[in-house]
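We did not get these values from a lab; they are worked out from the coordinates using the rules stated. All values reported here derive from a predicted model rather than from experimental measurement.
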Amino acid sequence: MQDETQRDTDVYGFGMKTDGIKDMASKIQTPCKNICDLDIKKQVCKTCKRTKNEIASWLDYTPSERKVVMKRIKDEDGR
C-alpha cells in the first residue's frame, strides 16, 4: 500500500497531483475550504470564490499572484 504523499493522483480533474500536498498545505495561503461546489455558468467555486483556472494554477502562483486573488475574493465579499 502506498503512503498518501506518494500517490500520483489527479485531484478533481484539474491536473493537480496529491504528492507532497500535505507538506505544502500549511505553507500556502488558500481560500479553499475543501468543499468544492463549482458554479457551472460562472466557472467559479461557490465556496472559495476562485475560478476554475485559479484553482488549477494555485500551486504554481507566486505569493503576489495569490494575494491578488485573495484581495479580489475579499473585495467581492465586501469584507
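Out of residues 5 or more away from Lys49 or on other chains, whose amide H comes under 5 Å of its own, with H placed 1.01 Å from N in the peptide plane?
none
Karplus couplings for the stretch 38-54 from phi (6.51 cos²θ - 1.76 cosθ + 1.60, θ = phi - 60°), rounded to Hz, Gly and Pro as x?
7, 7, 4, 5, 8, 6, 10, 6, 5, 8, 9, 6, 8, 6, 4, 5, 5
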